[in-house]
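Readers should treat all values here as calculations from the given coordinates under stated rules, not as data from a laboratory. If you're wondering where the values come from, they're calculated on a predicted model, not measured in any experiment. No Cβ is skipped: glycine too gets one built from the backbone with ideal geometry, and neighbour counts run over all protein chains shown.
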Amino acid sequence: MAPLYHKIATADALVVGFPVYFGHANAFTHTFLERLFALRHVRMLTQGELAAVVAVGGHEAEKVSGDISYRLENCFEYRVVGSVFFNSATPPCFICGYGTTCRYGGPARWLTPEEFKNLRITPEMFQRFEDHPMVVEACEGLSSKLRIALGELSP
C-alpha cells in the first residue's frame, strides 16, 4: 500500500467497489480499509474527502454498502456522496460448475430435495446489473453526485 497512500490521499474521490460474500464485503475490501489506517495516523488525511461505494452480492449488497459507507465516514471522515448496490440473486454454486450436484452450496440448502434434484441451470438465472435499468440509473446518479461534489456540474 505504501506506493498508493499519496495517490489515495490526493485523489479527487475514492470509489470503493466490492463483492459481498457471506453477508460481508470480501476480505480484500476489509484489508484495503484496514490499510487506510496510515492515512489517519497523527493527521486525518482523508477528512472531508469525497467517496462513493459500489457493491454487488447475492442478496445483501444494500446492507453491506451501508456498512462500508459507515466505516468510510466514521473511521476516516470521508464525505460519502452515495452508494449503489446490486443484488444479483445468483448463487456462486451456479458458477462453479457443481451447482446441480453440490450438496453443500446455497441451492442445496435453499431448495427442497425434490427441487434440487430437478434443478437445471439456465442462462436466465444469471443476473447482470446492465440488464436492470434502475441499477444503471443509480450508477449514473452516483456519477452525477460525484461530479457535482467535485464542482464539475451545477446541481
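For the reader, a short list of remarks on this structure follows.
- Restricting the stretch 24-124 to trypsin sites (Lys or Arg not before Pro) in coil, as DSSP defines it, with at most 11 other Cβ within 10 Å: Arg43, Arg103, Arg120
- Ordering of 83-91, 129-137 by burial proxy (mean other Cβ atoms within 10 Å per residue, highest first): 83-91, 129-137
- Farthest positive-ward along the chain dipole, Cα basis, beta-carbon charges - from Ile8, Cys139, Phe37: Phe37
- Label-zone membership for the stretch 63-101, site Asp131, 7 angstrom Cα→C-beta point, backbone N under 19 Å: 85-97, 99-100
- Mean Cα-pair separation over length for the chain, i.e. relative contact order, pairs under 8 Å, 6 or more apart, %: 20
- Each principal axis of the Cα atoms in the chain has its own extent, and those three values, largest first, are 58, 35, 24 angstrom.
- Extension gain, Glu62 to Arg147, is 28.3 nm, computed as 0.36 nm per intervening residue step minus the present C-alpha separation.
- Scalar couplings 3J(HN,Hα) for the stretch 110-120, obtained by applying the Karplus form with A = 6.51, B = -1.76, C = 1.60 to θ = phi - 60°, are 8, 8, 5, x, 5, 4, 5, 4, 9, 5, 10 Hz; x denotes Gly and Pro.
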